[in-house]
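Right, one structure below, let's go through it.
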Amino acid sequence: MAERTRRPARPRQRVIHLEPVPAGRMRIVYALLCLGLIGLAGRMAWLQVVQSRDLEARARSLQTQRTDPLGTRRPIVDRSGRLVALDEERFRLWAHPRYFNFPGDAPQRVRPPLEVARRLSGLLAVPMAELVKRIGDRPSGIRLAEGIDPETASEIRRLGISGLDLEAYPYRVYPQGDLFANVVGFLNLERVPQAGLEQSRDEDLRRHEQSRSLRRGADGTPLPDSLSPGVFFGDDLRLQLTLDARLQELAAKALTAQIKKWKARKGVAIVMDVRNGELLALASTPTYNPNRYWSFPAARFREWSVQDLYEPGSTFKPINLAIALQEGVIQANGRVNDTGQLQIGGWPIFNHDRQGNGVIDFPTVLQVSSNVGMVEAMRNLKPSVYWDWLYRLGIENRPDTDLPGAQAGQLKAKELFTTQPIEPATAAFGQGFALTPLKLTQLHALLANGGRLVSPHITRGLRAGDALASSGRSSGQQLLRPEVTRTVMAWMESVVDKGSGKGAKTPGYRIGGKTGTAQKAHNGVYIPGARICSFVATLPVNDPRFVVVVVVDEPQGDNAYGSTVAVPVAKQIIDGLLVLEQIPPQVAVNAAPG
């Protein structure tokens, strides 16, 4: 019988019998779900209603990049656009040793300070041992270096060392060194202005910067909303000076050499445009380097030519003669009798050489610098009228100038001046009152420009881009008649042609001048042997444009006079001024015979 084929047995299916869920359990599950939904709704309500402002602020802070102003300042340039002061970008290097890590290192590896110092030493020009000493054993926040230039900062970034941070900040630089320090001043390490224009024009020199808040999307894309108008605007204004760096350097070198030669305490040289009061040069010595101001005594930070008072002596005689001419108490062709000495109110008055010159005209009075001749010329002017003129000229008032720290002069009280005959007598030859070299410059400009009292200044204002301001227009209060000033200018020309100012004579040019050698007083008492030597020059006489004033304080030596100490400095300045300003000769120069 044939064998039957077996079929595989079917698996038996398990039958699960559904049992009804107890009603109590359903109620528990339902209650748990409701509680969850209520909790979720409550949390959402808490976040959206109660914490919405805080969360929005946190989101804004994460999405917004805020940049605070660096406090940069505008540049300062001279009259030709040469940089005098500017901000440059510098960097501070901060070290965080607990994060020291080189490119390619494991994330958890921390390099020792010595290895970091080895890589930085060459770039910073600091010995490794010094860098390791600075790092010490502190874990973070160590200032390793300051004043790092952008090129060096880029090299440090290329090292890729973790734990090193570069902080950018503006740094004030004075490319001309000590050339303009006396008027520009400087900023200290905290960028607080300490002297000069940096201090007096602080608001003008600060750039108008705003804090910048830039929102970004989730992918870092900048979003244009919420930006205030003009936030990315950067002004390119510059403060332009009237000073000329070339003339300033020439004046400073000539003055410094003469101060050294005569072992004087200090000196100043001023060049002023008589038409508008612009100063082309204001050099004083000793001075300082504003890039390293901490290396100099604080006394040098003040500009003494606008702050210190002195008795002008004989350089004031032309101004007195102009007053006498204006009041009609002397005539242009008049003469005086110089006996060599006088007694005024019981006080003796002498000429500097104690010699008489006889009957002389007023050009000769200036040429020989006769004190007696000046007293004779001014004694017909009522003391009250004379005092009023000195007051009207602003001796007692602070000059209207933008030079920081300018001081008013000193004038005796009117009652004393009018009741004591010695007071107007000594004022006749420039003593008994005091002023600054700047004020003397302003008053000689008054003689040169036809009688207008212009305001001396060293700035032309803020300019944008490469534009430069032109010279200001003629201005000033008219105090003297032009014919009076022309007469006095002719007398001053004779001083350079025939008198004590011959050292300033330049062939082909008409130059007027007056020397001065005055006693120096302290607290109302004259210091034995102490002198102030000065010289004032005006050029060209036929059409005056410039006044040059040189004042040297306490030169040493028996031969120290205005003609020997101050005139040589003025001569060098005048020669340079004629070339720089391209002033043509006024008279033909006779060629030397062959």
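Descriptive notes on the structure:
- Sites Lys263 and Arg119 - FRET efficiency at Förster radius 35 Å, r taken between beta-carbons, to 0.05: 0.10
- Extension reserve of the Ala129-Phe296 stretch, reckoned as 0.36 nm per residue once the Cα distance is removed: 57.1 nm
- Were the residues from Glu581 through Ala106 laid out at 0.36 nm apart, the gain over their Cα-Cα distance would be 164.1 nm.
- Positive contributions from Lys and Arg (+1) and negative ones from Asp and Glu (-1), summed over other residues with Cβ under 12 Å from the Cβ of Val271, come out at -1.
- Low-density loop positions, GluC sites (Glu not before Pro), the stretch 147-202 - DSSP coil, at most 16 other Cβ in 10 Å: Glu190
- Rounded to 5, the percent of DSSP beta bridges in the chain classed as antiparallel: 95
- Zone residues, the stretch 536-572, relative to Gln478, backbone N less than 18 Å from point 7 Å out along Cα-to-Cβ: 544
- For the peptides 499-509, 263-273, the ranking by mean Cβ contacts within 10 Å, running from highest to lowest, is 263-273, 499-509.
- To the nearest ten degrees, helix 113-124 and the longest principal axis of the Cα atoms of the chain are 40 degrees apart.
- In the structure shown, the pairs Lys263/Lys414; Lys266/Lys498; Lys520/Lys571; Lys266/Lys414; Lys439/Lys520 are assessed against 27 Å; a Cα-Cα span above that value is assigned to Lys263/Lys414; Lys266/Lys498; Lys266/Lys414.
- In degrees, nearest ten, helix 150-159 long axis to first principal axis of the chain (Cα): 20
- Dipole moment magnitude, nearest 20 debye, the chain about Cα centre, only Lys, Arg, Asp, Glu C-beta charged: 3240
- Taken one residue at a time, the phi angles of the stretch 509-520 give Karplus couplings (6.51, -1.76, 1.60, θ = phi - 60°) of 10, 9, 10, x, x, 7, 8, x, 9, 10, 5, 9 Hz. Gly and Pro are set to x.
Every number here is computed from the coordinates shown, using simple stated rules; none is lab data. This structure is a prediction, so every number in the text was calculated from the model and none was measured. Here the Cβ is made from the backbone with ideal geometry for all residues, glycine too, and neighbour counts use every protein chain on show.
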